[in-house]
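Scroll down for the structure; my scribbles are underneath it.
The values are calculated or read from the model by the stated rules, or taken from the named source; none is laboratory data. Please read these numbers as outputs of a predicted model, since none were measured by experiment. Here the Cβ is made from the backbone with ideal geometry for all residues, glycine too, and neighbour counts use every protein chain on show.
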Amino acid sequence: MSSPNFLDLPPLLGAQGTIALPGSKSISNRVLLLAALADGVTEVRDVLFSDDTERMLDALRTLGVSVESLGGNAYRITGCGGNFPVKEAKLFLGNAGTA
C-alpha cells in the first residue's frame, strides 16, 4: 500500500481578497422593509432573487412605496418615513414567511 503524497504549505501571515457570499431571503426582505420605512432614498444591492423577495417587493409597491429596479438584483427604494402611503390593501404574500 502506498502512502499519499503530501504538500506542506507554510503558514500565511495574512490574506486579502474579495468574496461574494450567497444571499439570504430573510435578510433581503428585512433590508427592503427597512428601506421602505426609512426617510429618503436607499439603494439596495445583491438582493437575493426568490419568490419571497418578489412577494415583498410587490407588497411594498402595493403599499405605495416607490421601488425602482436598477438591474443585477439592485433596487432604489424611496422610503415613506414610517407611514405607508396606502393605508388599506390586500397583499398576496404566498408562502413568504418573512414578507
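Brief remarks follow.
- Single condition LEU33 does not satisfy, out of (1) at pLDDT 90 or above; (2) in a loop (DSSP other than H, G, I, E, B): (2)
- If you check LEU33, LEU48, LEU70 for being free of Cβ contacts under 8 Å to residues at least 40 places away in the same chain and closer than 16 Å to LEU93 by Cα, only one passes: LEU33.
- Restricting attention to segment 73-99, the residues being assigned to a loop (DSSP other than H, G, I, E, B), among the polar types (S, T, N, Q) and either touching a residue at least 24 places away in the same chain (Cβ under 8 Å) or surrounded by 14 or more Cβ atoms within 10 Å (Cβ to Cβ) (or both) number 3.
- Subset of segment 14-42 that is closer than 13 Å to SER66 by Cα and of a type outside the set (A, V, I, L, M) - its residue that is nearest to the chain's Cα centre (by Cα): THR42
- Sole exception among (1) in a loop (DSSP other than H, G, I, E, B); (2) of a type outside the set (A, V, I, L, M, F, W, C); (3) more than 13 Å from the chain's Cα centre (by Cα); (4) surrounded by fewer than 12 Cβ atoms within 10 Å (Cβ to Cβ) for GLU68, by number: (1)
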